[in-house]
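As structure tokens, the structure follows; a few thoughts come after it.
The values are calculated or read from the model by the stated rules, or taken from the named source; none is laboratory data. This structure is a prediction, so every number in the text was calculated from the model and none was measured. Neighbour counts run over all protein chains shown; Cβ positions are idealised from the backbone, glycine included.
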Amino acid sequence: MNGFARSLSIGKLTPEQFVQVLETLHMLGTAGAGIELSSLTTQALVDVVAAATRDQLKAISDHADLRAVFLDEIFRRMSEHFRPDRARHIDIVVSWRFPNGAEYDRYQTVIEDGLCVSSTDLTRTPDTTITVSVEDFIRMATGNAAVAAMFVTGKVKVKGEYAPAVRLSGYFDIPKPSDAG
């Protein structure tokens, strides 16, 4: 799967073609064909996002199934890339809101006792609520956007405690895009 992702000339694909490729991979995964987007390494995912245009990422955001797949995949991987040594004595509940028409897709990340857990379970009272577009979140979560600049330009909106939201990315080891990406 990683080899396939590396061989794609993502920049040559229209947003529609990009979505078609991802839809096909997702369909094969749900059909049990053994080809799944979740089998991409985090580095391969980072490189795919780095090679994608804003319009291609927006097309993912506008596609109900792929939007959910990408959000679920990023939140699933958060605990794998969490660095408890960087979050000593940190207890925080972050609620995420992703505009989806008149509604929001919502997730929650809880960091406490040296663990990081993310899900759509929204039972905890948030210290911070972050609102960001899906395409900007995908870029941020894969190290393909300057997080500080996104706060300054208003692409990331924070309700509640601001400082933990700004520090949040520092608690994770996010791979950098490859030169070949």
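Here are the numbers for the structure shown:
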| read-out | value |
| --- | --- |
| Qualifying residues in the range 22-47 (those that are over 19 Å from the mean Cα position of the chain (by Cα) and hydrophobic (A, V, I, L, M, F, W, C)) - the one farthest from residue 59 (Cα to Cα) | 33 |
| Pairs where the first residue, in the range 158-181, is closer than 18 Å to residue 92 by Cα and the second is at pLDDT below 90 and surrounded by 14 or more Cβ atoms within 10 Å (Cβ to Cβ), C-beta under 6 Å, 6+ apart | 158/165; 169/147 |
| Criterion (in a loop (DSSP other than H, G, I, E, B) and either closer than 27 Å to residue 48 by Cβ or modelled with pLDDT under 95 (or both)) met by exactly one of 68, 149, 165, 145 | 145 |
| Qualifying positions in the range 121-142 - small (Gly, Ala, Ser) and surrounded by fewer than 19 Cβ atoms within 10 Å (Cβ to Cβ) | 133 |
| Which listed residue, of 39, 95, 119, is in the same structural domain as residue 161 (by TED's automatic domain parsing), touching a Gly at 6+ places or on another chain (Cβ under 9 Å), touching a residue at least 24 places away in the same chain (Cβ under 8 Å) and not β-branched (Val, Ile, Thr) | 95 |
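The rows are residues; the columns are (1) part of a helix (DSSP H, G or I); (2) modelled with pLDDT of 95 or more; (3) buried (at least 20 other Cβ atoms within 10 Å of the Cβ).
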| site | (1), (2), (3) |
| --- | --- |
| 60 | yes, yes, yes |
| 73 | yes, no, no |
| 94 | no, yes, yes |
| 99 | no, yes, no |
| 105 | no, yes, no |
| 118 | no, yes, yes |
